[in-house]
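> Following this message is one structure expressed as structure tokens.
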Amino acid sequence: MFDSKYQKRGNFLLETINIMNNRAITKKFSAHCKSRRDATQYTINLLAGKWKLNILISLDESPKHFMELQRSVSGIGPKMLSQELRILEENELVDRTVLDTSPVSVKYELTAYGETLRGLIMGLQEWGFKHQDRVKRSFNQLSILEKVS
């Protein structure tokens with residue numbers, strides 16, 4: 001009786017400690033997951049939009065003047081390109097250099113920080129290439145459904 005009483009208390013304490021450890025681990029894991037989700041969301045927000053990735057991809061090939069960049073990003077107008085470049089510059093992904101020429105010209109290029117996106121962009125390109133047929137089918141089905149609605 002004496003042994004079983006303390007044994008039960010010991011088991012209870014061990015179970016309590018295990019539950020507390022599991023909660024602490026779960027809480028730590030949840031915080032880690034939330035942190036990773038937040039980081040992912042920040043990245044998506046940074047690169048969101050129709051044009052930013054195309055601009056970054058073009059600048060990854062080589063630095064470009066404004067008109068050269070506009071020609072390389074099919075369909076973008078000068079006002080939208082200026083706006084997107086300003087955002088990319090504010091986020092330190094693109095560097096803008098005013099050249100001392102007549103007339104004045106501006107050159108854009110990726111910063112070292114912008115170049116850190118290269119792996120991510122290449123990963124998106126690889127995934128897109130690998131799954132492009134499936135993605136196209138999904139978009140086609142979506143546009144058919146939108147026309148019916």
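> Does residue 84 satisfy the criteria of being touching a residue at least 24 places away in the same chain (Cβ under 8 Å), surrounded by 15 or more Cβ atoms within 10 Å (Cβ to Cβ), assigned to a helix (DSSP H, G or I) and of a type outside the set (S, T, N, Q)?
So residue 84 passes the test.
> So residue 2 fits all but one of (1) modelled with pLDDT under 95; (2) of a type in the set (A, V, I, L, M, F, W, C); (3) surrounded by 10 or more Cβ atoms within 10 Å (Cβ to Cβ); what number is the exception?
Going through (1) modelled with pLDDT under 95; (2) of a type in the set (A, V, I, L, M, F, W, C); (3) surrounded by 10 or more Cβ atoms within 10 Å (Cβ to Cβ) one by one, residue 2 breaks only (3).
> So, in the range 33-85, how many residues would count as being modelled with pLDDT of 90 or more and of a type in the set (D, E, K, R)?
Count: 9.
> Do we find that residue 72 is touching a helix residue (DSSP H, G or I) at 6+ places or on another chain (Cβ under 6 Å) and hydroxyl-bearing (Ser, Thr, Tyr) in this structure?
Yes: the conditions hold for residue 72.
The values are calculated or read from the model by the stated rules, or taken from the named source; none is laboratory data. All values derive from a computational prediction rather than experimental measurement. All Cβ positions, even for glycine, are placed from backbone atoms using ideal geometry, and neighbour counts span all protein chains on display.
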